[in-house]
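Below: one structure, written as C-alpha cells.
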Amino acid sequence: MQSNAKTVKQYLSELPEDRKKAITTVRKEILKNLPKGYEEAMNWGMISYQVPLETYPDTYNKKPLMYAALASQKNHMAVYLSGIYMSEKARKKFEAAYKATGKRFDAGKSCVRFRKLDDLPVELIGKSIASIQVDELIKQAKKAHRHQ
C-alpha cells in the first residue's frame, strides 16, 4: 500500500488517527537519533531516511541510498532498517536485542512489522538508527555493490 503523498505532512494527514499517532511517535524517535548527513523525505511511497544523492550519487538505481523508512501498510505498520540489514552481524545483534525486549518480533527481509505502538520497542529502534553513520552506510553499500 504505497502512498502518493509528496510530503511527510501529507502522508501523516492521510493516516487513520491511531496509525498517525503510532507513526508520529516512531518518526520522532528516528529523527531524535538520526545521524547527521541523512535526510528525511518521501520516497518509495514511505517516509524515507536516506543519503542524499549529492552525498552519494553512485547508487545502483540512481535513487538516494535508503537507510531506513517508516510506512503504514494495509495490515500493519513497518520500520524498514536497510542499514542494519546490510550487515549480518548488525542484523543478528538487532534481532537478539529486539527479542530480549519480550515484544512480538515480526520481521520481513529488511523490516519489522507492528500492528500497534505497544508491539514495537521504540527505544531500540532509536538506538539502531543512531548506530550507523552515513560514511559507514556508504562503505557497506559499495562493498555490497562490488559483490553483485
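The values are calculated or read from the model by the stated rules, or taken from the named source; none is laboratory data. What you are looking at is a predicted structure, and each value in this text was computed from that prediction instead of being measured. All Cβ positions, glycine included, derive from the backbone under ideal geometry; neighbour counts span all protein chains shown.
Test Ser110 against the criterion of being farther than 20 Å from Met42 by Cβ and either hydroxyl-bearing (Ser, Thr, Tyr) or modelled with pLDDT under 95 (or both), and give yes or no.
It is false that Ser110 is farther than 20 Å from Met42 by Cβ and either hydroxyl-bearing (Ser, Thr, Tyr) or modelled with pLDDT under 95 (or both).
Out of the residues in region 81-107 that are closer than 16 Å to Leu70 by Cβ and among the aliphatic types (A, V, I, L, M), state the one that is modelled with the highest pLDDT.
Out of the qualifying residues, it is Leu81.
Restricting to region 32-50, name every residue that is loosely packed, with under 15 Cβ neighbours inside 10 Å and closer than 18 Å to Leu120 by Cα.
Lys32
Six or more apart or on different chains, Cβ atoms under 6 Å: show the pairs whose first residue is in region 108-126 and more than 18 Å from Leu31 (Cβ to Cβ) and whose second is assigned to a helix (DSSP H, G or I) and of a type in the set (Val, Ile, Thr).
none
Across region 81-107, which residue is surrounded by the most Cβ atoms within 10 Å (Cβ to Cβ) among those that are over 22 Å from Leu34 (Cβ atoms) and of a type in the set (Asp, Glu)?
Asp106
Restrict the check to region 81-93 and report whether at least one residue is touching a Pro at 6+ places or on another chain (Cβ under 7 Å) and not aliphatic (A, V, I, L, M).
No: region 81-93 contains no residue that is touching a Pro at 6+ places or on another chain (Cβ under 7 Å) and not aliphatic (A, V, I, L, M).
Scan region 30-55 for residues that are modelled with pLDDT under 95 and either assigned to a loop (DSSP other than H, G, I, E, B) or of a type in the set (Ser, Thr, Tyr) (or both) and report the count.
2
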